[in-house]
Every structure is written in C-alpha cells, then in structure tokens.
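What follows is one structure encoded as structure tokens, with my remarks underneath.
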Amino acid sequence: MSKPIEPIQAMVFCGVDVSATTLSVAVRQEDQRFEERVFDNTANGHKALIAWLRKRKARARVSLEATGIYSLDLALALDRAKGIEVAVLNPKLVHRFAQTLRRSKTDSADAQALAEYSRRMPFAPWCPPGLSGLQLRTISRHIQGLVVEHTRQNNRLHAANKSTSTPRCVVNDLKRSIASLKQRILHLRSEAQALVRSDEAMQKRFELLIRIPGIAAISALQLLGELAPLSPEMSVRQWVAHSGLDPAHQISGTSVHKPSRISRAGNRHLRHALYMPALVAVRRDPHLKAFYETLLSRHKAKLQALIAVARKLLHAIYGILRTQTPYDGSKLFPQLGIV
C-alpha cells in the first residue's frame, strides 16, 4: 500500500530575531501557534536554519530586522536559498507593529511578531546589494567612527593642556593617539577611493556627486557608501523615508496640532552625510540658497530650513544618479526663476 500524499502548505511565515550570537526563530503554524527554535548566528547556523525551513516542503517567507553586520550574512544566505523569500525591515517599523500584539519584549516574542508581520503585512522582498557597495559602506562608516574618536581625543587634549596638573606623559600620549587616528583616516579614505575607481559604475556616480554644490570628495564617499547598496527599484520617496528625513505630522481633531518633525525612522548615517553638504550648499548654490532664505522668510527655524535643504539635495541626487546627468539647480527649483 502506497504512502498517502501529505498536503503541501503553500506558504509558511517565519520571523527571525537576530542577535550577535544567536537567531531566535518562530514559524507560525496553521493552528495559530508558533514552532520555535534557536540557531547560532554563524554560517553553520544559517545552513541549519535553511534546512529546518525546507523540511516543511513549502515556500518560506522570512522577516528579520536590519541589525547591521549581525543580520547581513543571514539575509544573504536566505536570499541565495531556493524556496525562501526574505524581507529586511526597519526596526522602528517592526517595533510599532509589535506593540499591537504584545506587551513583553523577549527574543521569542520579537520572533513571533516578525512572523506575524510576514503573514499580515505587504511583503517587500529584500534586494541584496552588490559587494562593492557593501564594502564602501563598511569603510565609510568605520571612517566616521574614527572621525568621532579623533574629535573626542582633540577635546581631551584641549582640556589636558588647560590644566597644570596634567602629566606631560598624558599630553604626549594624546598627541600620539590623535596623529595615529589621522593617519588611519587618511589611509582608509585612500582605500575607499581606490575601491570606487575599481568599479566603473560607482566611479561615474562619484564624479556626478562631486559636481553638486556642497559635496566634495569626503562627503561623496560617505553618500555613495550609504546609497550604493540601495535597491535600484526604490523611488525617491522611499529614499527620503529610508533617510528618516520624511516629515512626521502630529494632528488630531482640533486640540492637537504639533509642529511637523522629521521621522528619524531611517538611516542616521545617510542623514549625517547630507548635513554638511546642505550647510555648504546654502552658501554656494544660488538655487538652494534662495530656497533656504524663502523658508526663513516663512518663519521656519534655521535647523528646519536646513533639513528641508538636505531633503531637496537627496531628491537632486536621486535624479542625477538615475538620469546620469550633472546637477542643474534650475530643474530642481524651476519656480524660483534663477538662471
């Protein structure tokens, strides 16, 4: 007598809570309960997770949060596996969704919330970025960390020199540390530029970026590092949302009407990379300067106006990189009538 054929489930919904060392995994079953497992966050752990999902003989839809280097290798492994769809989600978005489901916050509860997100919400498959873009982003973020540390050490040296009780050995050590950090930053910037030159598409993007008022080589490397891994299918509105520069309104009835603020629910590295170019652009580019001054004349705070300029710059960058044409402020602000 032949073995009866078991019904095949069309889709299973899975959530993965990623930490530095472990993966807490939850699969939602048809009876609304969850089957849970914990895997190591290693290459072998990723293989074990994929094998565990494939035992169900159905397509798996997996959601996980974007947690930097801890989630990247897992996302790449899942994306390469046949029969598995993966979405990498904004942690703030997941947190707000999870608040509607549970009060406790544990790895298990987070994994279940992600599984429910896979089942209930519109699914946007993750598009894996190219290797060169990932490498440039890693280098540029590491450089930024060194720049922050360089500033801290400079502040410590300034404070040490102001005190007569500071031993000379401490001052000398701070000077050596600052010199070392400066050399490391210069070396890494050189490596980043070499990486860009080795990729024809990135080199062309870099050349277009440095022709935008306010964007020099250092800012261009930062921006390119954050933008290169983004999916080519994203719209300009999605770029703005990804940066966290999209406005968040707080209006309810007639009693609540708070000033709009940016959501900050996005890539803080990209926001940081846009700040200095915006600051320079309002001084050097007549179109962005006129836009900035118009906002000030409408009683906007200087910081609000500067953030609006940063958002406009991101719009300009999107159009320039999509059309492969140089910056033209008159196209960005045709209503201003500046030649």
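Remarks
- Unique match (being in contact with a helix residue (DSSP H, G or I) (Cβ under 6 Å, 6 or more places away or on another chain) and either modelled with pLDDT of 85 or more or outside the structural domain of residue 315 (by TED's automatic domain parsing) (or both)) among 199, 246: 199
- Residues of region 186-220 satisfying the condition of being over 25 Å from residue 130 (Cβ atoms) and in contact (Cβ under 8 Å) with a residue 40 or more places away in the chain: 213, 214
- Matching option when the condition is in contact (Cβ under 8 Å) with a residue 40 or more places away in the chain and outside the structural domain of residue 231 (by TED's automatic domain parsing), among 40, 17: 17
- Subset of region 102-113 [hydrophobic (A, V, I, L, M, F, W, C) and in contact with a Phe, Trp or Tyr (Cβ under 9 Å, 6 or more places away or on another chain)]: 111, 113
- Screening residue 75 on (1) of a type in the set (A, V, I, L, M); (2) within 16 Å of residue 39 (Cα to Cα); (3) in contact with a helix residue (DSSP H, G or I) (Cβ under 7 Å, 6 or more places away or on another chain) shows it passes everything except condition (3).
- Qualifying residues in region 27-37 (those that are out of contact with any Cys (no Cβ under 7 Å at 6 or more places or on another chain) and touching a residue at least 24 places away in the same chain (Cβ under 8 Å)) - the one surrounded by the fewest Cβ atoms within 10 Å (Cβ to Cβ): 36
- Any hit, region 147-164, residues being within 23 Å of residue 271 (Cα to Cα), in contact with a Leu (Cβ under 8 Å, 6 or more places away or on another chain) and modelled with pLDDT under 95: no
- Residue, nearest to residue 79 (Cα to Cα), within region 90-108, restricted to residues that are out of contact with any helix residue (DSSP H, G or I) (no Cβ under 7 Å at 6 or more places or on another chain) and part of a helix (DSSP H, G or I): 91
- Screening 51, 60, 87, 160 for residues that are assigned to a helix (DSSP H, G or I), surrounded by 14 or more Cβ atoms within 10 Å (Cβ to Cβ) and small (Gly, Ala, Ser) leaves exactly one candidate, 160.
- Positions within region 62-103 being more than 19 Å from residue 138 (Cβ to Cβ) and among the aliphatic types (A, V, I, L, M), in sequence order: 62, 64, 78, 81, 84, 86, 87, 89, 93, 94, 98, 101
- If the condition is being touching a strand residue (DSSP E or B) at 6+ places or on another chain (Cβ under 6 Å) and basic (Lys, Arg), then region 110-152 contributes only 119.
- Qualifying residue in region 109-131 (condition: touching an Asp or Glu at 6+ places or on another chain (Cβ under 8 Å), on the phi < 0 side of the Ramachandran plot, hydroxyl-bearing (Ser, Thr, Tyr) and assigned to a helix (DSSP H, G or I)): no
- Pick from region 186-235, criterion in a loop (DSSP other than H, G, I, E, B) and among the polar types (S, T, N, Q), ranking: farthest from the chain's Cα centre (by Cα): 198
- Taken together, the residues in region 43-76 that are more than 23 Å from the chain's Cα centre (by Cα) and free of Cβ contacts under 8 Å to residues at least 24 places away in the same chain amount to 5.
The values are calculated or read from the model by the stated rules, or taken from the named source; none is laboratory data. Please read these numbers as outputs of a predicted model, since none were measured by experiment. Every residue, glycine as well, gets a Cβ built from its backbone with ideal geometry; the counts of neighbours run over all protein chains shown.
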